[in-house]
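Visitor: Encoded as structure tokens, here's the structure I'll be asking about.
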Amino acid sequence: MSISTPGGPERRPTVVSTGKKPAAGRPAAGAKPGAGKSATPRQTSGGKGKGPKKPIAPVKVSQGRAWGPIALWVAVGVLAAGIIGYGGWAVFEGSKPWEKRAAEIDGIVDYRAKDEKLVQGGQHQAGTIKYDINPPVAGPHNGAWQNCMGDVYDAPIASEHAVHSLEHGAVWITYRPDLPADQVAKLRNRVQGVEKTMLSPFEGLDKPISLQAWGYQLKVDNADDSRIDEFIKTLRVNASVEGPTALCNQGITATGTTPRDAGNMQQG
Amino acid sequence: MDAPSASEAGDGGRPARRFGLLAVASAVVVGLLLGYAGGLLTPTLTRPGDTSAEAGFARDMTTHHAQAVEMGLIAFQRGSDPEVRQIGGDIASGQQGEIGTMQTWLRSWGLDPTGSEPPMAWMPGGRAKVRNGLMPGMATPEQMAKLRAAQGRELDVLFLELMTDHHLGGIHMIQGILDAGSDEDVLRVAQTMKNTQQTDLINLQNALKRRGG
């Protein structure tokens, strides 16, 4: 071991030096053979009258040799960036957050972007509350929520309770009282048996149908509008302030636009 | 004298180095492509999709459970019999917890709580079992209104009857995912649900006999 180890270094320098010598001698001697492929034409062109400039030509050759790997690595880099970029984009597109998908629903109004304070939540308030947006989409509300277990209300309900339901993740579908019965039936089919939804007529609507989720509103003319399903799929539960386990049961099941005390929840 | 041998080394070395570079570069490209394809495939292979039986079950059983929670809380709050109140609270809290589990699945699978298919579409023959949007065993709005309005023994009996039907329908749906599902965690939780509801059923029936339903 001790003998062979010193023997190694002794041999290596000789190997390295023979390797280096031609490298150092490339400019001079390497011009003939090192040219092999690319330097041959240069040699002939430069060799006509410019014999002494042979040392420079090989230097150019070595530069030319470096371009190959650089181009290759640039190509690989661009390709890799493209692949990674496309992968990232595909993943991003595939799992777009619901907020982005909500923003893409044509005609939706995002009050979260308009009024941050309005959509904070948790502001319980007894008695009648005046809402600037009607039907309301967020803001202070009664301590009791409207039952939103797929409840179909055939008369207007108190907004003070309904807003609390929105906070719990419900989609509240409202329609103008003059909406034809067959249109109402189509809305009912979307609500019946589906917890975190409810349906009620709403006086004074400027459009036949208005959908509310916490911080969002979409008004449409027709119950066949596919945006209704889009709105429900995107915002039901997702728009909840309190998450998917916030209750929709144990709420007010009575109709009437005057809010009730929380103590009367089970009545009606 | 040295030059020929050096040129041989030089000529032999450089193409070899180029070839090595090319091999490494193509290996990197192939590796990236394989990794990308794997990354694309893995989620769809390991994660239930939007129309999978698992996702359908998680969504529909959440809805189904939500009504059991509603009935259970009514019994817990207003039942006249101590055991009825106890059963109501037990079922309500237990199923509310399971709702949390199922909703967490959906979120971790990158899926909405709301599906794009009709209820029960994930279960063979399931869609035909939905009436007015209600899945098997679910109480109608009229029955729920009756339960809310009921008092005393009438409430106890009505709750026990409605919850019995609810559990029978629920077990039917759970059997659906046990037959059609493949996600191990879903199957394990579904089996636990089935066991719980089957023992609940025995207790519901005994209480109903005792209350003279």
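Visitor: Would you check which residues across segment B:193-211 are open to solvent by 70 Å² or more (accessible area, probe 1.4 Å) and among the β-branched types (Val, Ile, Thr) and list them?
Guide: Matches in segment B:193-211: B:199, B:202.
Visitor: Could we say that residue B:154 is within 22 Å of residue B:69 (Cβ to Cβ) and not β-branched (Val, Ile, Thr) here?
Guide: Against the criterion (within 22 Å of residue B:69 (Cβ to Cβ) and not β-branched (Val, Ile, Thr)), residue B:154 qualifies.
Visitor: Mind checking which residues of segment B:19-60 are among the polar types (S, T, N, Q), assigned to a helix (DSSP H, G or I) and more than 9 Å from chain A (Cβ to nearest Cβ)?
Guide: B:42, B:44, B:46
Visitor: Suppose we filter B:106, B:111 for residues that are assigned by TED's automatic domain parsing to the domain that holds residue B:181 and either in a loop (DSSP other than H, G, I, E, B) or closer than 19 Å to residue B:202 by Cβ (or both); which single one remains?
Guide: Testing whether each residue is assigned by TED's automatic domain parsing to the domain that holds residue B:181 and either in a loop (DSSP other than H, G, I, E, B) or closer than 19 Å to residue B:202 by Cβ (or both) leaves just B:111.
Visitor: Just name the residue that is farthest from residue B:179 (Cα to Cα) out of those in segment B:110-136 that are open to solvent by less than 30 Å² (accessible area, probe 1.4 Å) and more than 10 Å from every other protein chain (Cβ to nearest Cβ).
Guide: Among residues in segment B:110-136 that are open to solvent by less than 30 Å² (accessible area, probe 1.4 Å) and more than 10 Å from every other protein chain (Cβ to nearest Cβ), the one farthest from residue B:179 (Cα to Cα) is B:136.
Visitor: If you don't mind, another one. Only one of A:158, A:185, A:162 is closer than 16 Å to residue A:200 by Cβ and within 14 Å of another protein chain (Cβ to nearest Cβ). Can you tell me which?
Guide: A:185
Visitor: Tell me which residues, restricted to segment A:202-233, are farther than 21 Å from residue A:132 by Cβ and open to solvent by less than 10 Å² (accessible area, probe 1.4 Å).
Guide: Selection gives A:220, A:223, A:228, A:231.
Visitor: Against the conditions (1) away from chain B (no Cβ under 14 Å); (2) over 13 Å from residue A:105 (Cβ atoms), where does residue A:244 fall short? Just the number, please.
Guide: (1)
Visitor: Now for a separate question. Condition (residue is open to solvent by 30 Å² or more (accessible area, probe 1.4 Å), within 24 Å of residue B:187 (Cβ to Cβ) and under 19 Å from the mean Cα position of the chain (by Cα)) applied to segment B:78-94: is it met by at least one residue?
Guide: Yes, the conditions are met somewhere in segment B:78-94.
Visitor: Could you identify the single residue in B:75, B:92 that is out of contact with any strand residue (DSSP E or B) (no Cβ under 7 Å at 6 or more places or on another chain), among the small types (Gly, Ala, Ser) and in contact (Cβ under 8 Å) with a residue 40 or more places away in the chain?
Guide: B:75
Visitor: Something else about it: Is it the case, given these coordinates, that residue A:132 is in contact with a strand residue (DSSP E or B) (Cβ under 9 Å, 6 or more places away or on another chain) and either open to solvent by 10 Å² or more (accessible area, probe 1.4 Å) or closer than 16 Å to residue A:249 by Cα (or both)?
Guide: So residue A:132 does not fit the description; no.
Visitor: Can you tell me how many residues in segment A:210-241 are under 21 Å from the mean Cα position of the chain (by Cα) and within 13 Å of chain B (Cβ to nearest Cβ)?
Guide: 13
The values are calculated or read from the model by the stated rules, or taken from the named source; none is laboratory data. Note that the structure is predicted; figures quoted are calculated from it, not measured. Ideal geometry is used to build each Cβ from the backbone, glycine not excepted, and the neighbour counts take in all protein chains shown. Quick note on the areas: whole protein, heavy atoms, side chains included, nothing else; ligands and nucleic acids left out. Shrake-Rupley method; radii C 1.70, N 1.55, O 1.52, S 1.80 Å.
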